[in-house]
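Engineer: Here it is, the structure in full.
Read the figures in this text as sums done on the coordinates, not as results from a lab. Treat the numbers as computed from the prediction; the structure is a model and nothing was measured. As a convention, Cβ positions derive from the backbone with ideal geometry for all residues, glycine included, and neighbour counts pool all protein chains shown.
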């Protein structure tokens, strides 16, 4: 390993662009291409809410045109028991949300893409076509929350045993607590 | 089993003591490190808190060659049958130390994913509390086990409870229904 | 041929050799002698074997199903879930103060990184700014944690590849790091010390000398490992050119950390998207070009030295001040005040039973853990317990690199590759 290797850092923007201006250009590009998307700044982070049918196309656009080199994470949220649901104006809240975080190394910026997924038809297109790294993450979302990813090559359980019934991270699945017992109590087992 | 099938008498006592001495001083643990406790178990085997002073630094990979299974870490639903299989492969006399609170009782994870206490699956001889138990605590547990081996208390207890300690209840009705309905 | 075992067993042998031997007890099967190589199409080319989940070198409970063509790996499928703990479900039941105890057990080799990312996410939702001393203290602890994790890697990596003494040497230095972490936080592992709002307690007296001593000891240790392994021909044979990956592969598979840096891509969140006080300290991002096992070993070795550099700067420049934010709604009052003030008592009680409320919202915060980008996606609904605590564990994604890395490798190389990916199953399965 040579000394000058240490100096060759990748080209990054002078200041990491984590505080988006209201006209964050990537979000603007997404909003322009996909009608009905909504931009929201969440504590300084750019978030775009898109329709679930176009999720894969948004990902493809980010990858091919906007230099978002890495899909950092795919996850989902079950909002069934929310006290106070924060949802930006223009977005129809559903029970589930699928959340994808993207990172662009050359432009040193992040973008979060959220889509609402209804409980009666929990299906979204898979991102594995553009980002193969979504493989395990989508299987985990299917396993724990029951949201199907259309086009995923192997959508099977990944964390729970293969014959497990149910999706444990859903809010209507109990955490299944063994009650605490004290000395002299009959054993719960 | 060998020693236990001999009738106990004043003649066999020195022989029993010798055998128990040998068993106590050459316990070979099986590698069954699962989670954070495995790190502390490795630390116990390392140079600072040396397990080699008891002749126990050789962690046998094959359960057939081991006589102590230190269940170090949380046992998940998927891992439970593997745990039982490894335990079954061990040859008698065998002992189990449940290391850490997750193995002893499910620990802080009182939920769907963790078996609430490894004694639901295998008979446990010594429970070592801690999250994770430091090497000194684990050694105290190991010495307790050695003491039990030395006095023969373990084997007496095993014989008393006919099943060997663990009672496994499998309700197959749910599994069958789930498989046919899924 | 059956043998009758009866009471006259002493005579049996004699009887067999004189009487029984001439009788042909046989079946009607014909024994035929064949020779020549076994025809390929009848046997099938490949064999599927299973490695783990209980196996000395699968770094925790990882199961690999490997399809082998004699000794070469055709493809490999990691099967995970053997340590699935339901931590994300448990996290929804715990308050934000308790949340640290839960997440800290995910990446149990560097627990303070998990706590840090969770605390940063909560503080972001609260729009809370922690004081400078808290930032620097957090940085000190996270770098000590990184040192411990990389020393663990050196130990287990060495042992997996056959340099069994490395196990003892790596743990020897790690014990020193754990000793100083115990002096500061109270626990060796799973510390629950970095909490939303700051830290649980201040640094103890005399911490500077303790930390500097540890830095010296670890530096000597690293020099020893370097001298032992980096030019050792056996080590080089086993690691150079093994498990090669490329930058494009890593980016496609969402791989971060030393694996990505070994391919010639110097991406480290501490430099690219600084958090805490990393933009105020001097350190280098270590990266190499070849993307093989040797490179990853070398990167982690040098990263220990960079962590020591940062730790020394923390010792020199630790600011004075509060170790936690003085917001009564988030921070418990000092213990002495509880005896004097009713309000302090009530605050303490409410904080530790109910916990504080976090306004509704969602955020994703990422830091650089020893394994790569660890992120916490936190969703809150305004109550005292989160709606969703999701941790983006770097090892979860890094495991996807095993399949391309092991293409065409030998079975012996598979162990080297697993070891160099350095997965911690706690954060893979959560």
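Engineer: With an 8 Å cut-off on Cα pairs and a minimum separation of 6 or more residues, tell me the relative contact order of segment B:18-148 in percent.
Structural biologist: 25
Engineer: Here is a follow-up. I'd like the Kirkwood hydrodynamic radius of segment A:91-189, using the inverse of the mean 1/r over distinct C-alpha pairs, in Å.
Structural biologist: About 16.1 Å, per the Kirkwood formula over Cα pairs.
Engineer: Once you order the gyration tensor axes a ≥ b ≥ c over the Cα atoms, which shape class does segment C:45-89 get: rounded for a/c under 1.5, otherwise prolate or oblate by comparing a/b with b/c?
Structural biologist: prolate
Engineer: Could you give the nm distance between label points at residue C:352 and residue A:33, where each point is 7 Å from its Cα heading toward the beta carbon?
Structural biologist: Output for this residue pair reads 5.3 nm.
Engineer: Per 5 Å bin from zero, what fraction in whole % of the C-alpha pairs of segment B:18-145 is there, up to the bin with the longest pair?
Structural biologist: 2, 12, 23, 26, 20, 11, 4, 1, 0, 0
Engineer: Let me ask another. What percent do you get for the relative contact order of chain C when only Cα pairs under 8 Å and 6+ apart count?
Structural biologist: Relative contact order for chain C comes out at 24 percent.
Engineer: Scaled to the compact-protein estimate 2.2 N^0.38 Å, what is the alpha-carbon radius of gyration of the protein assembly as shown, rounded to two decimal places?
Structural biologist: Computed over Cα atoms of the protein assembly as shown, the ratio equals 1.03.
Engineer: I've got another one for you. Expressed as a whole number of Å, what is the distance separating the alpha-carbon centroids of segment C:227-305 and segment C:348-394?
Structural biologist: Cα centroid to Cα centroid, the span is 29 Å.
Engineer: May I ask you to derive the FRET efficiency for residue C:220 and residue B:28 from their Cβ-Cβ distance with R0 = 35 Å, giving the value to the nearest 0.05?
Structural biologist: Calculated value: 0.55.
Engineer: Kindly provide the helix-only [θ] at 222 nm of chain C, computed as the sum of -39,500 (n - 2.57) over DSSP H runs of four or more divided by all residues, to the nearest 500 deg cm²/dmol?
Structural biologist: Mean residue ellipticity, 222 nm, calculated: -14500 deg cm²/dmol.
Engineer: Per the Debye formula with a single identical scatterer at each Cα and no solvent contribution, what log10 I(q)/I(0) holds for segment C:331-371 at q = 0.18, 0.29 Å⁻¹?
Structural biologist: -0.64, -0.96
Engineer: Could you give the Stokes-Einstein D for segment C:49-186 in µm² per second, using the C-alpha Kirkwood radius, 25 °C, 0.890 mPa s?
Structural biologist: Reported coefficient: 139 µm²/s.
Engineer: Translational diffusion coefficient, Stokes-Einstein: compute it for segment C:211-250 using the Kirkwood radius over C-alpha pairs as Rh, at 20 °C and 1.002 mPa s, and state it as an integer in µm² s⁻¹.
Structural biologist: 172
Engineer: Residues of A:71-79, mean number of Cβ from any other protein chain within 10 Å of their own Cβ, rounded to a whole number?
Structural biologist: 6
Engineer: Grab the Cα-Cα distance for residue C:410 and residue C:328, subtract it from 0.36 nm times how many residues apart they are, and report the gain in nm with one decimal.
Structural biologist: Length difference between fully extended and current span is 23.6 nm.
Engineer: What translational diffusion coefficient, to the nearest whole µm²/s, does segment A:134-175 have by Stokes-Einstein, given a Kirkwood radius computed over alpha-carbon pairs, a temperature of 10 °C and 1.306 mPa s viscosity?
Structural biologist: It diffuses with D of about 152 µm²/s by this estimate.
Engineer: Also, quick follow-up: Could you work out the mean count of beta carbons from other protein chains within 10 Å of each residue's beta carbon in C:179-188?
Structural biologist: 1
Engineer: Hey, can you rank C:96-107, C:409-420, C:229-240 by average C-beta count inside 10 Å, highest first?
Structural biologist: C:96-107, C:409-420, C:229-240
Engineer: For segment C:216-275, rounded, prolate or oblate, judged on the Cα gyration tensor with a ≥ b ≥ c (square roots of eigenvalues), a/c < 1.5 rounded, else prolate if a/b > b/c?
Structural biologist: Oblate.
Engineer: Averaged across B:38-44, how many Cβ atoms of other chains sit within 10 Å of each residue's Cβ atom?
Structural biologist: The shielding value for this peptide is 6.
Engineer: So if we plug the beta-carbon distance of residue C:182 and residue B:13 into 1/(1 + (r/R0)^6) with R0 = 51 Å, what FRET efficiency do we get, rounded to 0.05?
Structural biologist: 0.65
Engineer: Once each part is reduced to its C-alpha centroid, what is the distance from segment A:61-139 to segment C:100-122 in angstrom?
Structural biologist: Result: 23 Å between the Cα centres.
Engineer: Give me the Debye-computed log₁₀ of I(q)/I(0) at q = 0.09, 0.12 Å⁻¹ for segment C:125-242, equal point scatterers on Cα only, no solvent, two decimals.
Structural biologist: Here the Debye-derived log intensity ratios amount to -0.33, -0.53.
Engineer: While we're here: May I ask for the equivalent-ellipsoid semi-axes of segment C:183-290, computed as the square root of five times each C-alpha gyration tensor eigenvalue and listed largest first in whole Å?
Structural biologist: Calculated on Cα positions only, the semi-axes equal 32, 23, 13 Å.
Engineer: Further question: Compute the FRET efficiency between residue B:57 and residue C:69 as 1/(1 + (r/R0)^6), taking r as their Cβ-Cβ distance and R0 = 41 Å, and round to the nearest 0.05.
Structural biologist: Plugging the Cβ-Cβ distance into 1/(1 + (r/R0)^6) gives 0.65.
Engineer: With a 10 Å radius around each residue's Cβ, average the other Cβ atoms per peptide and rank B:95-105, C:381-391, highest first.
Structural biologist: Top of the packing list down: B:95-105, C:381-391.
Engineer: Rg and Dmax in Å for chain C, alpha carbons only: what are they?
Structural biologist: Taking only Cα atoms of chain C, I get Rg and Dmax of 28.3, 105 Å.
Engineer: What's the percent breakdown of Cα-Cα distances in segment B:81-142 across 5 Å bins, shortest bin first?
Structural biologist: Bin by bin from 0 Å, the calculated values are 4, 19, 25, 23, 19, 9, 1.
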